[in-house]
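Colleague: For reference, the structure I am asking about is given below.
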């Protein structure tokens with residue numbers, strides 16, 4: 001039952017040691033931490049006990065969990081645990097080397113084939129994380145002689161990939177195709193033009209205009225790279241994401257994604273044309289110079305992809321409940337922006353207002369994290385509701401009522 005103390009195992013970690021005074025060379029950190037506290041931007045370090053689920057045990061207290069990206073409820077699924085256990089027994093846990101040397105196992109090969117099958121593309125490449133997949137791929141595709149057009153609300157991994165590329169970057173207002181058209185028109189002198197965008201934006205739950213992006217790419221001879229991190233498993237008849245849902249596969253050249261959200265595992269991937277993937281193996285530094293992620297994790301992710309095909313009701317029911325929930329909040333007069341999916345923000349404005357609302361919800365045994373800079377602009381701080389298939393309708397009713405009471 002939410003609110004009840006969690007059972008803490010005897011093997012719980014020891015209490016953290018108190019912080020010692022900083023050495024003189026790092027004394028400035030105290031001032032920076034004070035500034036974070038004063039601005040309402042300090043983050044707690046919470047400890048979770050047990051599995052991710054519809055309820056979560058944080059710091060010894062059970063709460064209804066609206067802070068996870070476990071959209072299909074697979075992160076704690078015993079079937080993934082069993083697949084990982086079998087994978088570890090067969091191939092050990094650590095990969096032992098980079099994929100380019102000897103770390104690419106049969107489990108990784110099976111996973112890459114499964115990803116390619118799910119997305120209906122020729123090939124895929126698995127990375128240690130979705131963050132690494134974005135940064136490495138963008139930096140491989142573009143350089144100082146190139147131009148990148150990036151949506152203003154793109155994930156930090158895309159932003160950092162643009163920085164690593166050292167290309168000229170133009171940031172267009174969120175989903176503004178006219179502004180993107182202008183940016184691309186002014187970059188005719190670039191060796192390559194690259195459009196990068198999330199498909200489902202993680203902070204506001206909005207969806208990229210993929211058809212428009214592809215049309216502009218054709219007009220300006222540009223490459224289209226999209227990140228399906230929050231859409232994989234949730235959208236499309238096969239569950240492959242919004243590229244499938246919107247019928248834009250022919251216009252999207254590169255698809256990046258993660259195995260850690262709806263698929264409940266870990267790692268990232270890049271998928272597309274086989275020749276492109278083969279080229280990327282020679283250019284993606286985060287893939288070339290990182291030890292491969294554990295084969296056991298790859299085995300769990302492969303099992304999750306099979307479950308996405310076998311249990312389509314999870315994504316269908318999730319999307320139906322998300323639409324009903326967002327509609328209920330709008331009816332209550334709350335600002336949920338343009339939310340169109342399982343991510344539903346409640347915009348509060350200031351960081352302090354978002355933190356205050358999150359704390360009030362915590363008092364009602366509801367875990368809904370406050371999202372503040374640098375994730376969003378300061379004046380658009382919010383609490384983000386991340387829905388999971390594991391949430392029952394009564395959970396959503398309870399949260400909607402609490403938000404209507406406390407978010408005014």
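Colleague: Within region 104-123, identify whether any single residue is in contact with a strand residue (DSSP E or B) (Cβ under 8 Å, 6 or more places away or on another chain) and either outside the structural domain of residue 292 (by TED's automatic domain parsing) or assigned to a loop (DSSP other than H, G, I, E, B) (or both), and answer yes or no.
Modeller: yes
Colleague: Tally time: how many residues in region 124-135 are closer than 21 Å to residue 303 by Cβ and either outside the structural domain of residue 280 (by TED's automatic domain parsing) or crowded, with 19+ Cβ neighbours inside 10 Å (or both)?
Modeller: The total comes to 7.
Colleague: Let me ask something additional. Limited to region 337-361, what total is found for residues that are more than 25 Å from residue 39 (Cβ to Cβ) and part of a loop (DSSP other than H, G, I, E, B)?
Modeller: 5
Colleague: When only residues in region 358-376 that are more than 23 Å from the chain's Cα centre (by Cα) and at negative phi count, which is surrounded by the most Cβ atoms within 10 Å (Cβ to Cβ)?
Modeller: Checked region 358-376; the qualifying residue surrounded by the most Cβ atoms within 10 Å (Cβ to Cβ) is 361.
Colleague: Which of the following residues is touching a strand residue (DSSP E or B) at 6+ places or on another chain (Cβ under 6 Å) and assigned to a helix (DSSP H, G or I): 194, 213, 225, 164?
Modeller: Just one listed residue meets the conditions, 213.
Colleague: Let me ask you something else. Looking at (1) touching a helix residue (DSSP H, G or I) at 6+ places or on another chain (Cβ under 8 Å); (2) crowded, with 18+ Cβ neighbours inside 10 Å; (3) in a loop (DSSP other than H, G, I, E, B), find the lone condition where residue 138 falls short.
Modeller: (3)
Colleague: Picking from 263, 318, which residue would you name as being under 13 Å from residue 233 (Cα atoms) and not in a helix (DSSP H, G or I)?
Modeller: 263
Colleague: Spot the failing condition for residue 207; the list is (1) surrounded by fewer than 22 Cβ atoms within 10 Å (Cβ to Cβ); (2) closer than 23 Å to residue 142 by Cβ; (3) touching a residue at least 60 places away in the same chain (Cβ under 8 Å), and only one is missed.
Modeller: That leaves (2) as the condition not met.
Colleague: Just to be sure I understand, how many residues within region 21-56 are modelled with pLDDT under 85 and part of a loop (DSSP other than H, G, I, E, B)?
Modeller: Matching residues across region 21-56 total 14.
Colleague: Next up: Return the pairs, sorted by first residue and then second, in which the second residue is surrounded by fewer than 19 Cβ atoms within 10 Å (Cβ to Cβ) and in a helix (DSSP H, G or I), the first residue lies in region 153-179 and is on the phi > 0 side of the Ramachandran plot, the beta carbons are less than 9 Å apart, and the residues are 6+ apart or on different chains.
Modeller: Every condition considered, the pairs that remain are 175/212.
Colleague: Would you mind telling me which numbered condition in (1) in a helix (DSSP H, G or I); (2) within 19 Å of residue 373 (Cβ to Cβ); (3) in contact with a helix residue (DSSP H, G or I) (Cβ under 8 Å, 6 or more places away or on another chain) residue 150 fails?
Modeller: Here residue 150 clears every test but (1).
Colleague: Given the residues 39, 24, which is the only one that is outside the structural domain of residue 383 (by TED's automatic domain parsing) and touching a helix residue (DSSP H, G or I) at 6+ places or on another chain (Cβ under 9 Å)?
Modeller: Testing whether each residue is outside the structural domain of residue 383 (by TED's automatic domain parsing) and touching a helix residue (DSSP H, G or I) at 6+ places or on another chain (Cβ under 9 Å) leaves just 39.
Colleague: One residue is enough: does region 80-99 have a residue meeting the conditions within 30 Å of residue 396 (Cα to Cα) and either surrounded by fewer than 24 Cβ atoms within 10 Å (Cβ to Cβ) or out of contact with any helix residue (DSSP H, G or I) (no Cβ under 7 Å at 6 or more places or on another chain) (or both)?
Modeller: Yes; the residues of region 80-99 include at least one that is within 30 Å of residue 396 (Cα to Cα) and either surrounded by fewer than 24 Cβ atoms within 10 Å (Cβ to Cβ) or out of contact with any helix residue (DSSP H, G or I) (no Cβ under 7 Å at 6 or more places or on another chain) (or both).
Colleague: Has region 290-303 got any residue that is without any contact (Cβ under 8 Å) to a residue 24 or more places away in the chain, assigned to a helix (DSSP H, G or I) and out of contact with any strand residue (DSSP E or B) (no Cβ under 6 Å at 6 or more places or on another chain)?
Modeller: Looking for residues that are without any contact (Cβ under 8 Å) to a residue 24 or more places away in the chain, assigned to a helix (DSSP H, G or I) and out of contact with any strand residue (DSSP E or B) (no Cβ under 6 Å at 6 or more places or on another chain), one finds none in region 290-303, hence no.
Colleague: Filter region 376-401 down to the residues that are more than 18 Å from residue 323 (Cα to Cα) and either in a helix (DSSP H, G or I) or out of contact with any helix residue (DSSP H, G or I) (no Cβ under 6 Å at 6 or more places or on another chain) (or both), then identify the one that is modelled with the lowest pLDDT. Walk me through how you get there before you give the answer.
Modeller: Step one: list which residues in region 376-401 are more than 18 Å from residue 323 (Cα to Cα), which gives 376-382.
This time we only want the ones that are either in a helix (DSSP H, G or I) or out of contact with any helix residue (DSSP H, G or I) (no Cβ under 6 Å at 6 or more places or on another chain) (or both), so: 376-380.
Working: 376: 86, 377: 86, 378: 77, 379: 86, 380: 88.
Among those residues, the one meeting the criterion is 378.
The values are calculated or read from the model by the stated rules, or taken from the named source; none is laboratory data. As the structure is a computational prediction, the values presented were derived from the model and not from experiment. No Cβ is skipped: glycine too gets one built from the backbone with ideal geometry, and neighbour counts run over all protein chains shown.
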